[in-house]
Structures are given as structure tokens and as C-alpha cells.
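Note sheet for the following structure.
The values are calculated or read from the model by the stated rules, or taken from the named source; none is laboratory data. Nothing here was measured: the structure is a model prediction, and the numbers come from that model. Glycine also receives a Cβ, built like all others from the backbone with ideal geometry; neighbour counts cover every protein chain displayed. Side chains included, ligands, DNA and RNA excluded: accessible areas come from the protein's heavy atoms. Shrake-Rupley method; radii C 1.70, N 1.55, O 1.52, S 1.80 Å.
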Amino acid sequence: MKYKFLGKTGVMVSPLCMGTMSFGGIADEKTSKAMFNQCRDAGINFFDCANVYEKGRSEEVLGKLIKDCRDEVIITSKAYFQMSSNVNAGGATRYHIVRAVEDSLRRLDTDYIDLYFIHRFDEKTPIEETLSVLNDLVRQGKILYIGASNFAAWQVAKALGISAKNGWSRFECIQPMYNLVKRQAEVEILPMAESEQVGVISYSPLGGGLLSGKYGKNKAPDAGRLVENKMYMVRYADEWMHEVAGNFTALAEEENYNPVSLAVAWVGAHPGITAPIIGARNVEQLKASLDALDVDMTDELYRRIADLSYTPPLATDRNEEKTDFNYGLR
Ligand SMILES: NC(=O)c1ccc[n+]([C@@H]2O[C@H](COP(=O)([O-])OP(=O)(O)OC[C@H]3O[C@@H](n4cnc5c(N)ncnc54)[C@H](OP(=O)(O)O)[C@@H]3O)[C@@H](O)[C@H]2O)c1
């Protein structure tokens, strides 16, 4: 296993991060344990969680699993989404974050969370308030590093400037969505992260299952997230996405790879990505994602996969960037 530095920090993480959103939900405790052990056996030391996953149950399950190896793993949690009917039990306020961290520590049954994310940008709370409470929690040793999920690049860049100006802990990692049919991150987020040396653990490398081989233009399984979960159904509803999924599956078969392994490896091969966060409901599914570590992702294969979907233009797009006539290129 070739470990990578997490952004600018000296912390080394595995090139795949295991997502625990299924722990205590579609994966019961026994299956979660089997998947956790499978990851540890493969050398994975990085586990992503959130307070909102299964209303805290995922944290409780993960907490039990890390008991014997707490000092060897890097775990995350997150706050923002509403945790109860109390109007203040959500958001990125000082009020909520202090309580959310205490609650997560209790559920995870640990003294500290290695990497703590704000799950989503809070338009209603000044970012200074959020960053200052995160900084306090770092000083208290309750969280070690901080991160931002689902933020636009400008929101992260603004936060980095404010942290630097105040001498506060900065966002060392971001967590955007990224896969072959959701490539928005290529425009601003990934270039920003590379420029600022911010680590990136991206989620949904399979598009919630879309790129697993089960879907295509006129092909869908009877059960699974994209046919059962309304939010994901909507997220991946466009016809062209299912066409890409079908073409991607055909390419994977031609190359003798499980599409799951190839989709995860493609995400991980982007120079801005530290580790894709993988997700599974059982050990069989997980094996295919872990096999991404063995994919020989050549430049040619990477490009052929990228060419299956629309490449979003650069943020400074003038069209000639795609040609030999790129005026002013140094
Ligand atoms: N920050 C955020 O806002 C955010 C959002 C989402 C996720 N995350 C994190 O990212 C992690 C991974 O996200 P994700 O679950 O969306 O990842 P994903 O890899 O895109 O989707 C995983 C799903 O794909 C299907 N699948 C996986 N392996 C398969 C296989 N071998 N064969 C067939 N189907 C397979 C399964 O769904 P079915 O069996 O139902 O088809 C599985 O639950 C989560 O656990 C969480 O930690 C973060």
C-alpha cells in the first residue's frame, strides 16, 4: 500500500478511504465489521463518517470497530445537517458545532476525531463564526484537523484566507462529489485544491451505483439505491448519464476490469484527488472497489474513460485552450 500525505499535513492516509454511510443501515453490525476488517486487511487506514448517517448509528458502529486500533486509523465525522426537531440542532453555528462534536465523540466513544468536516456550506452563518469555533475545538484537542464538504471553490478559498489572517487552523481537506458523470469538481474545486495543497477525498466514485455495471440506457436492477432512494434517483436521472454508464461498462468489459474497480481507479487517478471514498453494502461489493488498487490506469486508459462523458470547460474557458493556438501559454 502506497500511503499519501493528506494535503499539506504530514499525516499519511491510504489512497482509498472507506465510507461508513452504510454502517448500521443497509449493512448491519456484523456486515459492517466484516467490511471494516476487509479494509484493514487491505491496508486501509482512513474511514469517513458523519453524525447524520443513520441518525448517529453509523458513528456508534464505527466507534466499536476502531476500539482495538484507534491509534492506527484516521476517522472523520461531520456536522451541519439537522439532527433533531430543535431549530438550532443544525447549521455551522458555534451553538451547534460545539454540541455536535460532543455528541459525535460520545457515539464514536473516542476522545478525538482526526478530521472534522462541515458537511455543507451554511449561507446563514458567518464563515468567521464557523472557523473560529473549529479552531477552538482543535486547540482543545477534540478534533485534530478540519475540512469542508460540498463547498464551492470560492467558499473554501475565502475560508483559507480568513484562517490565515487570524492564525486559525485551516481546512486541510475537502470532500466534493466526483465521478465520471459528475465532473463539476474539475472546473474550480480540484485546481484550487492542488494550488492550495488541500487534500481531497471525493465521494460517490460509482455515482451511487450507476457505474457499477448494473445500469445502462435501457438497463436497471430491481433493487438498489438509484431505484429506491428518491434523492439519488433525481441526482442521476438524466438519460445521458445512463448512456455513459452503459458505454463505460462496455469499455470495462473490453479491458477485463470490473466496472466498479475501474470507476474508482479513474477517480483516484486525478492528480488532485488524495483518496476516493468508496461505499458498499456487503463484502462482495466492497471487494470490487478495493480491487481498484490493482488497476493499471495508463494515461491512454484514463483519457478513453474521460472521453466517455462531457469534459467541463475550464473556469477561464476561451475555447482555444483545447487547441494548439492557446494564446499566452507559458
Ligand atoms: N460528504 C457528502 O455529502 C457525502 C455524500 C455521499 C457519500 N459520502 C461518503 O462517501 C461514501 C461513499 O459514497 P457512495 O456510497 O455514494 O459511493 P458510491 O461508490 O458511488 O456508491 C456506493 C453504492 O454503489 C453500489 N455498489 C457498490 N459496489 C458495488 C458492486 N461491486 N456491485 C454493484 N453495486 C455496487 C451500492 O449501492 P446499491 O447496492 O444500492 O446499488 C453501494 O451502496 C459514503 O459512505 C460516505 O462516507 C459523503
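Annotation note: of V295, V283, the sole residue that is modelled with pLDDT of 95 or more and buried (at least 17 other Cβ atoms within 10 Å of the Cβ) is V295. Restricting attention to the stretch 264-273, does a residue exist that is within 11 Å of the ligand (Cβ to nearest atom), touching a helix residue (DSSP H, G or I) at 6+ places or on another chain (Cβ under 7 Å) and closer than 23 Å to A185 by Cβ? Yes - at least one qualifying residue is present in the stretch 264-273. Criterion first (without any contact (Cβ under 8 Å) to a residue 60 or more places away in the chain and over 28 Å from A42 (Cα atoms)) does E321 satisfy it? For E321, the condition - without any contact (Cβ under 8 Å) to a residue 60 or more places away in the chain and over 28 Å from A42 (Cα atoms) - is met.
Within the stretch 102-145, being assigned to a loop (DSSP other than H, G, I, E, B), in contact with a helix residue (DSSP H, G or I) (Cβ under 8 Å, 6 or more places away or on another chain) and within 16 Å of the ligand (Cβ to nearest atom) holds for F121, D122. Take the conditions open to solvent by 30 Å² or more (accessible area, probe 1.4 Å), in contact (Cβ under 8 Å) with a residue 24 or more places away in the chain and small (G, A, S) and apply them to A50. Does it pass? When the stated conditions are applied, A50 does not pass them.
Checked against (1) within 9 Å of the ligand (Cβ to nearest atom); (2) open to solvent by 20 Å² or more (accessible area, probe 1.4 Å); (3) not small (G, A, S), N218 passes all but a single condition, namely (1).
A quick yes/no check of all residues on (1) within 10 Å of the ligand (Cβ to nearest atom); (2) free of Cβ contacts under 8 Å to residues at least 24 places away in the same chain; (3) assigned to a helix (DSSP H, G or I):
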{"site": "A157", "(1), (2), (3)": "no, no, yes"}
{"site": "L160", "(1), (2), (3)": "no, no, yes"}
{"site": "W168", "(1), (2), (3)": "no, no, no"}
{"site": "E172", "(1), (2), (3)": "no, no, no"}
{"site": "K214", "(1), (2), (3)": "yes, yes, no"}
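I need a count of the residues in the stretch 285-327 that are more than 16 Å from the ligand (Cβ to nearest atom), closer than 23 Å to N258 by Cα and part of a helix (DSSP H, G or I).
Residues of the stretch 285-327 more than 16 Å from the ligand (Cβ to nearest atom): 296-304, 306-308, 310-327.
Within this subset, residues satisfying the condition of being closer than 23 Å to N258 by Cα are 296-304, 306-308, 310.
Narrowing further to those that are part of a helix (DSSP H, G or I): 299-304, 306.
Counting residues in the stretch 285-327 that are more than 16 Å from the ligand (Cβ to nearest atom), closer than 23 Å to N258 by Cα and part of a helix (DSSP H, G or I) gives 7.
Taking (1) open to solvent by 70 Å² or more (accessible area, probe 1.4 Å); (2) under 19 Å from G19 (Cα atoms); (3) not basic (K, R) in turn, L226 satisfies each apart from (1).
All conditions in (1) more than 24 Å from L226 (Cβ to Cβ); (2) open to solvent by less than 10 Å² (accessible area, probe 1.4 Å); (3) not in a strand (DSSP E or B) hold for A185, with the sole exception of (1).
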